[in-house]
There are 2 protein chains.
Amino acid sequence: MAITIKDVARKAGVAHTTVSRAMRGSTLISPATTERVRRIATEMGYQPSAAASSLKTNRSQALGVIVSAIDDPFFSEILQGIEEIAQPNGYSLFIAASQRDLDHERVIVRSMRAHRVDGVILCSTPFSAEQSKQLRLSGIPLVVINNQSAEEYRHSIYHDDLDGGRQVTRHLVELGHRRIAYIGYARSGRTNANRLAGYRQEMHAAGLSIPPGDEFEVEATDPASGLLAARHFLSLPTPPSAVFCYNDMLAVGLLRGLQEAGLRVPQDCSVAGFDNITFSAYTTPPLTTFDQPKRFIGAEAARLVLALLDGDEAREKRPRIRTLQGSLLVRASTAAPGGS
Amino acid sequence: MAITIKDVARKAGVAHTTVSRAMRGSTLISPATTERVRRIATEMGYQPSAAASSLKTNRSQALGVIVSAIDDPFFSEILQGIEEIAQPNGYSLFIAASQRDLDHERVIVRSMRAHRVDGVILCSTPFSAEQSKQLRLSGIPLVVINNQSAEEYRHSIYHDDLDGGRQVTRHLVELGHRRIAYIGYARSGRTNANRLAGYRQEMHAAGLSIPPGDEFEVEATDPASGLLAARHFLSLPTPPSAVFCYNDMLAVGLLRGLQEAGLRVPQDCSVAGFDNITFSAYTTPPLTTFDQPKRFIGAEAARLVLALLDGDEAREKRPRIRTLQGSLLVRASTAAPGGS
DNA sequence: GGGAGGCATGCACACGTGTGCATAGCAGAG
DNA sequence: CTCTGCTATGCACACGTGTGCATGCCTCCC
């Protein structure tokens, strides 16, 4: 169907080997021939088959990326960061969403193994040990981002969620709040655990106790769950004066829930999110949040995979774990309690 | 490196041909042998090489998806719809973002041609004729979603933006507005042109004129551009009493801009968006918008590509253009003008 | 019992590309 | 002029899989 290397060779009056070398810029071929072959190839619209090339070189020039959900703005920005590094380096991306579902995971991993991707970036998703073992057995380098089980993987990029959780909580404490609640999302594992730990540490350091009901768990990270959380807090005998949310999506829903109940933010209740997704700057009031460097995290993960592919096996054996820091972003959704 | 079909054949004591047929479920092989071979293959962790298979069958079991930007919530939801169809049908997705940039386009198309994707879904991005010609010459079926140049492509999924633009405008007219402005985004081409046309038609039908300055163009579709538009409208001698925005991202920014200037929405100014992205339900006030069936559009595009791949060439020659309708979603950001 | 026919399997080759090795041509030195 | 060595190119094979064709074996029927 498509034009092959042999078609080009025939037209150029050389062996297909010469075309192969010319296209790849081998020094074995004279500059004049290289130039001529390339020109003819371009004229004919020749594009080397990655499949055939992959068969010989064991390199597919493709990376796999697994995210929990593709329509989550947090992952979208990470994907953007990954692509910014992968594309200029000549790598294409197989992107798939696990939907936090084991069957999906199985299908995805099978497909990535079948296509012999050169590496996989696993993005903040609960991921079964079985599937990660499959990848390891296939010899596919794996880099994880913010994954729940820190210990298991050798190559990781983490955001310092403990630090972030502490900074957000400290900010609320310093504003004078004494009843600070937390909305958590247990299914995200490590990420939530660390933000929660940071929250507890700062609460403890400030001598504040956490009454039962002030740590609330949701089943998803969409705004709808934030609404549910608002109802919960409003049903308490005395609602908290500030709420720290696992992420911005929840905070967005919480804001709405509080406002629908007639509370003013931040006067009646302060709200803080996490991640700094684009929309957090446009809520009413604009959301105080923790700016996690999403694009940079994605880019770093991509750089790490590429480094593993370049490096020799010896270097690859050495675990490489990188932790990145974000920064607190104070906007208008937090203020001193009871303020006018 | 990886386990090959011959390794499995050796272990099973058969020819590699038999393994190939057993894996693919050929009726030539006895059920007993098929069963046994498959069991051994699974035990050994064998995964057929898509590259080798692709070389023989001319099928890569991969689709290319080109979007303008991966972190735009509108595209994210379309991607989700595409994946929901592609994955269960055994297709992987190469996803790439053009960033509305010609160089990126070139790199992306080259990479998709190299990987011999079975089809390409082009998603609402200005796309150069040169690149689309490259795909056509390579014999790669192309399905476009909401693309700017309607005529050029044979297989398309469109949202009825004319109808949507009319419905939104009519809604505002029926509320009693007489100064209705429009924020447009010219770079998106056809999509914007149709929404704008719908707006003008309804304005004309209602006997309303559009004073200069009431049609405003922005350079991007992020909330920041909506902010700019707000400043523009507020600088007019008399600002409009309602604004229809090309999409929700702009509406989100506009809301903020109006509110920062002390205007109340919808009392002082009504705001309507388009697309119904997730967050539009959580703005303050919740945004009136047009619900474009994004996931369904993505799914339909994927179904169309798969149909083209199944169908014979004859059927493929016949253009297939499908137009999908959305529905108006009235929330709290629109009301009669001058209301309390 | 012998022949025909169907079923299950193996053989050989092809897909498009990359690489080790052989080779032809040429220049330079003795 | 011959020999050495370097440069540029071609040849042959391999990568892992799918398919047309040949083949062996078993069953069924006369």
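The values are calculated or read from the model by the stated rules, or taken from the named source; none is laboratory data. Treat the numbers as computed from the prediction; the structure is a model and nothing was measured. Don't worry about glycine lacking a Cβ; one is built from the backbone with ideal geometry, like all the others, and counts go over all protein chains shown.
Return yes or no: is A:E174 farther than 24 Å from A:C123 by Cα and touching a Gly at 6+ places or on another chain (Cβ under 7 Å)? Judged against the criteria, A:E174 is not a match. Among the residues of region B:283-298, those that are over 17 Å from the mean Cα position of the chain (by Cα) and modelled with pLDDT of 95 or more comprise B:P286, B:L287, B:T288, B:T289. Number of residues in region B:20-45 that are over 41 Å from the mean Cα position of the chain (by Cα) and of a type in the set (A, V, I, L, M): the value is 5. The residue that is nearest to the other protein chains (Cβ to nearest Cβ), counting only those in region A:91-117 that are crowded, with 20+ Cβ neighbours inside 10 Å and among the charged types (D, E, K, R), is A:R113. A single entry from B:A52, B:A41, B:A2 fulfils the requirement of being within 10 Å of DNA strand C (Cβ to nearest atom) and farther than 30 Å from A:I78 by Cα: B:A52. Scanning region B:1-43 for residues being without any contact (Cβ under 8 Å) to a residue 12 or more places away in the chain, away from DNA strand D (no atom under 12 Å from the Cβ) and either in a helix (DSSP H, G or I) or of a type in the set (D, E) (or both) gives a total of 6. Counting just the residues of region B:21-37 that are more than 14 Å from every other protein chain (Cβ to nearest Cβ) and more than 8 Å from DNA strand C (Cβ to nearest atom), which one comes out surrounded by the most Cβ atoms within 10 Å (Cβ to Cβ)? In this case the residue turns out to be B:V37. The single condition among (1) away from DNA strand D (no atom under 16 Å from the Cβ); (2) farther than 30 Å from B:L137 by Cα; (3) free of Cβ contacts under 8 Å to residues at least 60 places away in the same chain that A:L93 does not satisfy is (2).
Considering each residue of region A:185-217, count those that are among the acidic types (D, E) and either buried (at least 17 other Cβ atoms within 10 Å of the Cβ) or in a helix (DSSP H, G or I) (or both), and give that number. Let's see the steps before the verdict.
Just the residues of region A:185-217 that are among the acidic types (D, E), to begin with: A:202, A:214-215, A:217.
Add one more test, that the residue is either buried (at least 17 other Cβ atoms within 10 Å of the Cβ) or in a helix (DSSP H, G or I) (or both), and what stays is A:202, A:214.
Qualifying residue count for the region: 2.
The set of residues from region A:5-20 being crowded, with 16+ Cβ neighbours inside 10 Å and more than 8 Å from DNA strand C (Cβ to nearest atom) comprises A:A9, A:K11, A:A12, A:V14, A:T18.
Set side by side, the residues B:I183, B:I140, B:I145 differ, and just one is in contact with a Cys (Cβ under 9 Å, 6 or more places away or on another chain) and over 20 Å from B:L324 (Cα atoms), which is B:I183.
Within region B:64-90, restricting attention to residues that are among the hydrophobic types (A, V, I, L, M, F, W, C) and in a strand (DSSP E or B), the residue that is nearest to the other protein chains (Cβ to nearest Cβ) is B:V65.
Suppose the filter is at pLDDT 95 or above, closer than 18 Å to B:L287 by Cα and surrounded by 23 or more Cβ atoms within 10 Å (Cβ to Cβ); does B:G226 pass it? Write out each step before concluding.
Working: at pLDDT 95 or above: yes; closer than 18 Å to B:L287 by Cα: yes; surrounded by 23 or more Cβ atoms within 10 Å (Cβ to Cβ): yes.
In short, yes.
Identify all residues within region B:51-63 that are facing chain A (nearest Cβ under 9 Å) and either within 21 Å of B:I297 (Cβ to Cβ) or not in a helix (DSSP H, G or I) (or both); write none if there are none. Write out each step before concluding.
Just the residues of region B:51-63 that are facing chain A (nearest Cβ under 9 Å), to begin with: B:51-55, B:58, B:60-62.
Those that are facing chain A (nearest Cβ under 9 Å) and either within 21 Å of B:I297 (Cβ to Cβ) or not in a helix (DSSP H, G or I) (or both): B:N58, B:S60, B:Q61, B:A62.
Here region A:58-90 is the region considered, the condition is being crowded, with 23+ Cβ neighbours inside 10 Å and within 16 Å of DNA strand C (Cβ to nearest atom), and the residue that is farthest from A:C123 (Cα to Cα) is A:S60.
Every listed requirement among (1) under 29 Å from A:L258 (Cα atoms); (2) at pLDDT 95 or above is met by B:A301 save one, (1). Out of (1) away from chain B (no Cβ under 14 Å); (2) assigned to a helix (DSSP H, G or I), what's the single condition that is false for A:L135? For A:L135, the exception is condition (1). With respect to the conditions (1) in contact with a Gly (Cβ under 6 Å, 6 or more places away or on another chain); (2) assigned to a helix (DSSP H, G or I), B:F94 falls short on a single one, namely (2).
Has region B:310-333 got at least one residue that is farther than 30 Å from B:S241 by Cβ, among the hydrophobic types (A, V, I, L, M, F, W, C), surrounded by 17 or more Cβ atoms within 10 Å (Cβ to Cβ) and at pLDDT below 95? Taking every residue of region B:310-333 in turn, none turns out to be farther than 30 Å from B:S241 by Cβ, among the hydrophobic types (A, V, I, L, M, F, W, C), surrounded by 17 or more Cβ atoms within 10 Å (Cβ to Cβ) and at pLDDT below 95. Among the residues of region A:218-236, those identified as in a loop (DSSP other than H, G, I, E, B) and closer than 16 Å to A:D72 by Cα are A:E219, A:A220, A:T221, A:D222.
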